[in-house]
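Notes for the one structure printed next.
The values are calculated or read from the model by the stated rules, or taken from the named source; none is laboratory data. Predicted model, so just to flag it, every value in this text is computed and none were measured. No Cβ is skipped: glycine too gets one built from the backbone with ideal geometry, and neighbour counts run over all protein chains shown. Keep in mind that these areas ignore ligands, DNA and RNA; they rest on the heavy atoms of the full protein, side chains included. Shrake-Rupley method; radii C 1.70, N 1.55, O 1.52, S 1.80 Å.
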Amino acid sequence: MRIAALLALPAWLASTVHASPPTQPYDEQLHLAPLPGGNLYAGFSFTATTPLTSYDEQHFRYFPRALGQILQYTHTKELHLRFARGRWDDESWGTRPRGGRREGGTGVEIWAWVERGQEPDLLQERWSGLVNSLSGLFCASLNFIDGAKTSSPVVSFEPEGTHLNLDNLDLLHGTLPNEVVCTENLTPFLKLLPCKGKAGISSLLDGHKIFDANWQTMSIDVRPVCSAPDDCVLEIQQTVDIVLDIQRSMRPRDNPIPRPVPIEKIPCDETKEYNAEDTCYPKKFEGEMFWSLSKVFGQPIQGNCPLAEDGTKSYEIKLEVPFERTVEVITDGNISETKDQSERRYSVPEQQTLDISLPEQVLEVHTAPDARSPFDTPRLYASRQITGYGQQRGGMHAVLTNPQPYAQKIIYLESLPWFLRPFMHTLTFRASSGAEVRPEKMYYTPALDRKRGTQLELQVEVPAHSTVELSYEFEKAILRYTEYPPDANRGFDVPAAVVRVIANTTEADQDAYLRTTSLLLPLPTPDFSMPYNVIILTSTVIALGFGSIFNLLVRRFALASEVPPSPFATKLKAVRDRIRGLVQKAPAAKDGGETKDEKKVKGLNGKRTVDVNRKDL
Amino acid sequence: MPASTRASVYHEHPKAVLLGAAATLRILLALVFPQLPALLTGRVEISTPVNSFKRLQEGLYLYEKGLDPYNGGVFHQAPLLLPLFSLLPSSATWLGSLTSIILYTALDLITANCIFRIAQSGAALISRTFTSPRQDRAWSAASITAIYLFNPFTVLACLGRPTTVFTTAFTALSLSHACQGNTITATFAIAIASYISLHPLLLLPAIGILCYDQVCQRESLATESSNVSTRSSKVIAGVKVAVDQRTQPKPVIFAAQISATFALALAVLLLLSRALLPSWQFIPSVYATPLTLPDLTPNPGVWWYFFIEMFDAFRSFFLGVFWLHMLAYSVPFCLRLGRQPLAAAVLMMGVIAVFEPYANIGDVGFWLSCLCLLGHVFELSSIHRYTFPALAAILYGTLLGPAFHHLWIYAGSGNANFFYAITLVWSLGLLILLTDTLYSVLRDEWENDRPEGKGKEIRQI
């Protein structure tokens, strides 16, 4: 942890420089940008601050009390919480919003700096208290983040806030990749906002639309920000970043079921030779699609959240569209607009509804619309797959591609569940350039069965314009039958790998983060229906062995002739003889004559034969 | 070379020929099929969590990086193997793989040599107070060695390189020294075997009695009158020579000596391990893993599926029951077979091979070969018992085990019960063989006392 503190020092300095405390106690922003492929990026950001002194006195104004009390009780100094779904398609959408710093892996991800305290178990207790309280607050299964799902990355994360006593803080990180993020998590999220999603840009946040997105991530970040050692504020930033499919979101509410478009309504490509009344090759859509806020989000922005002290500005909308694009702003009030080559900004001071509408339009741009994205080329591409087949072993394979013309240092973090047992001696790196790649640093904590997961951090330099592949083998553990979820054959989720691209002082000033998709790991399954049968059958085999061995060990041998016949065997023999006698008698009675004399003779004969037999004996 | 010459070479130096042929076979297999060792290392029948060569490599990697290899759930093998294997070239290379094969072949040859010496010593036939009436039917030392060396289970285990091969080598070494009456060496060897994997501890009573028996024989030989000069002539004469009890070592003192030697050897080994490692964490990792079974990877034993399906509330209870069950055999065998201590040791090895928590076919191969040391009594089990069904069940298990494992894990067309059923059949077959041999050994002993009972029907009372 001390090393982490030392490493964190430059970033601490950087954060003091860059993160100057916002002048407004509450600020909300909306960032809209159409993306290629008929998608729309919408980034909501709500920032509230409160002076640290009033926070310590339990005086909350803009800061949500529910969250503040949890943080105070668990001695959490900095908190990052993420709810995410879907995949950011960085090959066509470009670099991630906010540098990936407000993004989480699929499911729920949480990391926090918690005060260590004096007693050895206090940290674990506080962390457990934190995740359990947040679990209740956000209706998420955060309480399942136990010791086996918690890790303490050394170099992957650095505190964003200013902490005066960083040595006393420990970073704890947990993920729940199988958590399904849904409306029940959005509602408590909105309740933390001062206007509770009723006014301002948060009125656009409707669960139906948010969770219909191709990619969405919600984040809550709490950090102390100091401009001077005694002038600190506690900042909470809540963001919602989504990528909506414009066509799908604009489906009318009264007809939400997707149906095939009637053929008359499809624009056909008439140059095709087979084009006819009943055959149609859909024409490729050209130009810009029509969309408006009220159509995409279901309603326009409902007024503003009037918390600004001077009342001049309450929210800002940033719209990234080319200069030539027509934008209609529909509102009764006054808005101020600034426009430049690629973006427009609207500041909305008044309590009015606001809608933005962009009509269908063909722009005379040099490049095809699909090739253009308002976001630049990403700093790094990362993907990860499980290789191999069968349920006994497999391999992990991660591909890291650097599209930039300069080498980049990255930190690759993997937190694996304990039932995936990696073999680090098989860890190999391969660069596309053929150059030898070696990790500069490696932090590895092997898993302990049922107690701790694997944690692997690698610091690697990815050369310019090249790809680095890293791979290792692993074994899949078989679990106790009570440890499988009800859908055991679906597989187990493996959390996303986190890649931190370290800021290169000449090219970029802030670290970027990206996360791979989470993976599905199939494990061998026992038969869940037969615990009793297994217990009985195995016990039978063991009893058979034990019984026959101890039978031989404790009894001694004797000649058969020396052993007196057991009383039971004698009785059995008597019964057998009697039955035999009856059987012999019965046929004799049948085929013989009917007279009594004859019967007597037979009886005598029978007796005689018996006597003969006795003599033989 | 004409056949007669070849035969004569074999008759003159059977051991050298066998060892040479076995070493050639193993190294050739590794050279001709370079993928074979890696394939066998991955088989669940050979590699278990406590002996897998791949996990050893992982432990070695962590050890060489300066981390504590026992602070994790993957590596559970004895610490002193680490410096040994770190001397070898990395097994990822062709040379490293070949070196490891050569090392394991050498271990197999040591074991074979020990088996040869045990068979030659005749300890299975003659003890201080007992001489088998069937000693003329004993199998020759060369054939028992050949059975060990060319046993498919042994060959596969050698190529799969589990660390239990070390355990078998030291167990065999201990038995062979016990048959020579070298008490200290035998105890030390069994201490090393117990250090590598816990269960050879259960062989200590049998080996102690074997040592005591041999030491007494030697003492009585030394003090014997001149008219019976050698032990063999005494045996052939079948004369019971009155032995002066005062010259014999006292059993209690002898047992104390052996226990002290064992404890001392074990303590030295553990302290040496501690010196290599940063903490004592290896003790729970190496010795508690077979006791508590945290890793339920399938193996040909009976524990794994039982504890997968066990209800959580009863898990600790049944772990205790299973271990007590294994412990329950050691002393009764020694008490009942006190006159044939080698038989007690071999049968105990059988119990271990069948009932150990992480069973593997390497142990079974070694046990089946050692069983041939008792070859003189096989006629009894084949006449009176169920040897054929048992052997058929073992063969059935051998062939269907890998097939059913494939159906479950890879093809997905069978479930875990397929492989479980086969492990049950396999254990049952081995158990029947074990029981039959026990019967034969006991009956042989009984017929020695009552020669008139030979070939007659008997009862147990």
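Taking the condition of being assigned to a helix (DSSP H, G or I) and not hydrophobic (A, V, I, L, M, F, W, C), how many residues in the stretch B:402-461 meet it?
Final tally of qualifying residues: 23.
Of all residues in the stretch A:406-428, which are away from every other protein chain (no Cβ under 14 Å) and open to solvent by 10 Å² or more (accessible area, probe 1.4 Å)?
Of everything in the stretch A:406-428, those that are away from every other protein chain (no Cβ under 14 Å) and open to solvent by 10 Å² or more (accessible area, probe 1.4 Å) turn out to be A:Tyr406, A:Ala407, A:Lys409, A:Ser415.
Just checking, which of A:Val155, A:Val114, A:Val131 is over 23 Å from A:Gln237 (Cβ atoms) and β-branched (Val, Ile, Thr)?
A:Val155
Looking at the stretch A:501-519, can you tell me whether even one residue there is within 11 Å of chain B (Cβ to nearest Cβ) and in a strand (DSSP E or B)?
no
Scan the stretch B:87-98 for residues that are of a type in the set (S, T, N, Q) and open to solvent by 40 Å² or more (accessible area, probe 1.4 Å) and report the count.
Count: 2.
If B:Leu60 passes every condition in (1) free of Cβ contacts under 8 Å to residues at least 40 places away in the same chain; (2) out of contact with any helix residue (DSSP H, G or I) (no Cβ under 6 Å at 6 or more places or on another chain) but one, which one does it miss?
B:Leu60 satisfies every listed condition except (2).
Against the definition (aromatic (Phe, Trp, Tyr), assigned by TED's automatic domain parsing to the domain that holds A:Gly197 and over 26 Å from the mean Cα position of the chain (by Cα)), how does A:Tyr41 come out, yes or no?
No: the conditions fail for A:Tyr41.
Do you know which residues across the stretch B:353-365 are open to solvent by less than 10 Å² (accessible area, probe 1.4 Å) and either in a helix (DSSP H, G or I) or under 27 Å from B:Ile126 (Cβ atoms) (or both)?
Within the stretch B:353-365, B:Ala353, B:Val354, B:Phe355, B:Val364, B:Gly365 meet the criteria.
Here are A:Glu328, A:Glu343, A:Glu320: which of them is at pLDDT 85 or above and in contact with an Asp or Glu (Cβ under 6 Å, 6 or more places away or on another chain)?
A:Glu320
Going through the stretch A:118-137 one residue at a time, which ones are touching a Leu at 6+ places or on another chain (Cβ under 6 Å) and in contact (Cβ under 8 Å) with a residue 60 or more places away in the chain?
A:Leu134 - this is the single residue of the stretch A:118-137 that is touching a Leu at 6+ places or on another chain (Cβ under 6 Å) and in contact (Cβ under 8 Å) with a residue 60 or more places away in the chain.
Only one of these is open to solvent by less than 70 Å² (accessible area, probe 1.4 Å), over 17 Å from B:Asp213 (Cβ atoms), at pLDDT 95 or above and within 14 Å of another protein chain (Cβ to nearest Cβ): B:Leu319, B:Leu269, B:Leu347. Name it.
The unique qualifying residue is B:Leu319.
Restricted to the stretch A:536-568, and to residues that are surrounded by fewer than 17 Cβ atoms within 10 Å (Cβ to Cβ) and among the β-branched types (Val, Ile, Thr), which residue is modelled with the lowest pLDDT?
A:Val563
Is it the case that the stretch A:287-297 has a residue that's farther than 30 Å from A:Thr50 by Cα, open to solvent by 50 Å² or more (accessible area, probe 1.4 Å), out of contact with any Lys or Arg (no Cβ under 7 Å at 6 or more places or on another chain) and outside the structural domain of A:Met250 (by TED's automatic domain parsing)?
The answer is yes; a qualifying residue exists.
Can you give me the number of residues within the stretch A:272-296 that are more than 37 Å from the chain's Cα centre (by Cα), in a loop (DSSP other than H, G, I, E, B) and not aliphatic (A, V, I, L, M)?
10
Select from the stretch A:550-581 the residues that are β-branched (Val, Ile, Thr) and part of a helix (DSSP H, G or I) and write down the one among them that is nearest to the other protein chains (Cβ to nearest Cβ).
Ranking the candidates gives A:Val554 first.
Give the number of residues within the stretch A:530-549 that are facing chain B (nearest Cβ under 7 Å) and aromatic (Phe, Trp, Tyr).
Residues meeting the conditions: 1.
Just to be sure before I move on: is A:Ser227 part of a helix (DSSP H, G or I), in the same structural domain as A:Pro51 (by TED's automatic domain parsing) and over 19 Å from A:Val131 (Cα atoms) in the structure I sent?
It is false that A:Ser227 is part of a helix (DSSP H, G or I), in the same structural domain as A:Pro51 (by TED's automatic domain parsing) and over 19 Å from A:Val131 (Cα atoms).
Count, please, the residues in the stretch B:322-340 that happen to be buried (at least 17 other Cβ atoms within 10 Å of the Cβ), within 11 Å of chain A (Cβ to nearest Cβ) and not in a loop (DSSP other than H, G, I, E, B).
Looking only at that region, the number is 6.
Please work out if B:Phe130 is touching a residue at least 40 places away in the same chain (Cβ under 8 Å), open to solvent by less than 30 Å² (accessible area, probe 1.4 Å), over 30 Å from B:Leu29 (Cα atoms) and not polar (S, T, N, Q).
So B:Phe130 fits the description; yes.
Need the failing condition index for B:Gly72 against (1) in contact with a Lys or Arg (Cβ under 9 Å, 6 or more places away or on another chain); (2) assigned to a helix (DSSP H, G or I); (3) within 13 Å of another protein chain (Cβ to nearest Cβ), just the number.
Single failed check for B:Gly72: (2).
Can you tell me which residue in the stretch A:61-119 is most open to solvent (accessible area, probe 1.4 Å), limited to those that are over 21 Å from the mean Cα position of the chain (by Cα) and within 25 Å of A:Asn178 (Cβ to Cβ)?
Only one residue fits best here, namely A:Ile70.
Among (1) open to solvent by less than 10 Å² (accessible area, probe 1.4 Å); (2) outside any helix (DSSP H, G or I); (3) not acidic (Asp, Glu), there is one condition B:Thr187 misses while meeting the rest; what is its number?
(2)
Looking at this structure, is A:Thr95 in contact with a Lys or Arg (Cβ under 8 Å, 6 or more places away or on another chain), more than 20 Å from A:Ser383 (Cα to Cα) and not hydrophobic (A, V, I, L, M, F, W, C)?
No.
Restricting attention to the stretch A:435-468, which residues are open to solvent by 30 Å² or more (accessible area, probe 1.4 Å), within 14 Å of another protein chain (Cβ to nearest Cβ), farther than 20 Å from A:Val501 by Cα and not in a strand (DSSP E or B)?
Once the filter is applied, which keeps residues that are open to solvent by 30 Å² or more (accessible area, probe 1.4 Å), within 14 Å of another protein chain (Cβ to nearest Cβ), farther than 20 Å from A:Val501 by Cα and not in a strand (DSSP E or B), the stretch A:435-468 yields A:Arg450, A:Lys451.
Here are some residues: B:Phe306, B:Phe262, B:Phe254. Which one is at pLDDT 95 or above, more than 14 Å from every other protein chain (Cβ to nearest Cβ) and either in a helix (DSSP H, G or I) or surrounded by 19 or more Cβ atoms within 10 Å (Cβ to Cβ) (or both)?
B:Phe262
I'm trying to understand the selection: among the residues of the stretch A:136-148, which are buried (at least 20 other Cβ atoms within 10 Å of the Cβ) and either β-branched (Val, Ile, Thr) or within 15 Å of the chain's Cα centre (by Cα) (or both)?
Matches in the stretch A:136-148: A:Ala140, A:Leu142, A:Ile145.
Just to confirm my filter: which helices (runs of 4 or more DSSP H) fall fully inside the stretch A:21-101 and include at least 1 residues that are within 25 Å of A:Val233 (Cα to Cα)?
Of the helices (runs of 4 or more DSSP H) lying wholly inside the stretch A:21-101, those with at least 1 residues that are within 25 Å of A:Val233 (Cα to Cα) span A:52-56, A:65-73.
Return yes or no: is B:Thr99 under 27 Å from B:Gly401 (Cβ atoms), outside any loop (DSSP other than H, G, I, E, B) and touching a Ser or Thr at 6+ places or on another chain (Cβ under 9 Å)?
no
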